[in-house]
1. Out of (1) over 11 Å from the mean Cα position of the chain (by Cα); (2) of a type in the set (A, V, I, L, M); (3) open to solvent by 30 Å² or more (accessible area, probe 1.4 Å), what's the single condition that is false for Met87?
2. Restricting to region 81-118, and then to whatever is in contact (Cβ under 8 Å) with a residue 40 or more places away in the chain and in contact with a Ser or Thr (Cβ under 6 Å, 6 or more places away or on another chain), can you tell me which residue is nearest to Leu40 (Cα to Cα)?
3. Checking Asp1 against (1) open to solvent by 40 Å² or more (accessible area, probe 1.4 Å); (2) charged (D, E, K, R); (3) under 26 Å from Gly110 (Cβ atoms), which test does it fail?
4. Please go through region 67-84 and give me each residue that is open to solvent by 80 Å² or more (accessible area, probe 1.4 Å) and within 19 Å of Ala31 (Cα to Cα), ordered by number.
5. Just to verify a result, which residue in region 67-96, among those that are in contact with a Gly (Cβ under 6 Å, 6 or more places away or on another chain) and assigned to a loop (DSSP other than H, G, I, E, B), is farthest from Gln116 (Cα to Cα)?
6. Mind listing just one residue for me: the one in region 12-66 that is in contact (Cβ under 8 Å) with a residue 24 or more places away in the chain, assigned to a loop (DSSP other than H, G, I, E, B) and open to solvent by less than 60 Å² (accessible area, probe 1.4 Å) and, of those, farthest from Ala86 (Cα to Cα)?
Amino acid sequence: DFGDAGQLFSDEPPPLGEGEGPNPSRLLAAAVANCLAASLLFAVRKFKEDPGPVTAEVRGELERQDGRLRITKLSVDLQLANDTAAMPHLARALSQFENFCVVTQSVRQGIEVSVQVRDSDGQLVHQG
């Protein structure tokens, strides 16, 4: 229960659960992706520029460590909607935005997180 923000139901897929909600591993991945997207928006908007809607896709890798499954890597792809030519300060924003993300920087202390940002044409403009 998140108070005014509502409730979130988490569940494991069968056979452990009923699969009636995202499991904690997926929630962690979503938290990293959402935080990075919000940080990118913040960094670009600091310069009064408009990236348009930012979309995020995240992929996770699980590996066995000491016989137990662990999240070993998260890969996040962020997509800008607006033309980067209209954002003259984009390079500065891209050099800063990952540091604004509390979740990613915390998770990176134990899990590798790679980040790519693509422009409205799908061209890579940042890799971190």
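1. Condition not satisfied by Met87: (3).
2. The selected residue is Phe97.
3. Here Asp1 meets the rest and fails (3).
4. Arg70
5. As a first pass, look at region 67-96 and keep what is in contact with a Gly (Cβ under 6 Å, 6 or more places away or on another chain): 71, 74, 81-82.
Among the residues that remain, those that are also assigned to a loop (DSSP other than H, G, I, E, B) are: 81-82.
Numbers: Ala81: 14, Asn82: 16 Å.
Restricting to residues being in contact with a Gly (Cβ under 6 Å, 6 or more places away or on another chain) and assigned to a loop (DSSP other than H, G, I, E, B), the top hit is Asn82.
6. Val54
The values are calculated or read from the model by the stated rules, or taken from the named source; none is laboratory data. Here the structure is a predicted model, which is why all the values come from computation and not from measurement. Cβ sites come from the backbone with ideal geometry, for glycine too, and all protein chains shown count toward neighbours. For the accessible areas, the whole protein counts, side chains as well, though only heavy atoms, and no ligand, DNA or RNA atoms are used. Shrake-Rupley method; radii C 1.70, N 1.55, O 1.52, S 1.80 Å.
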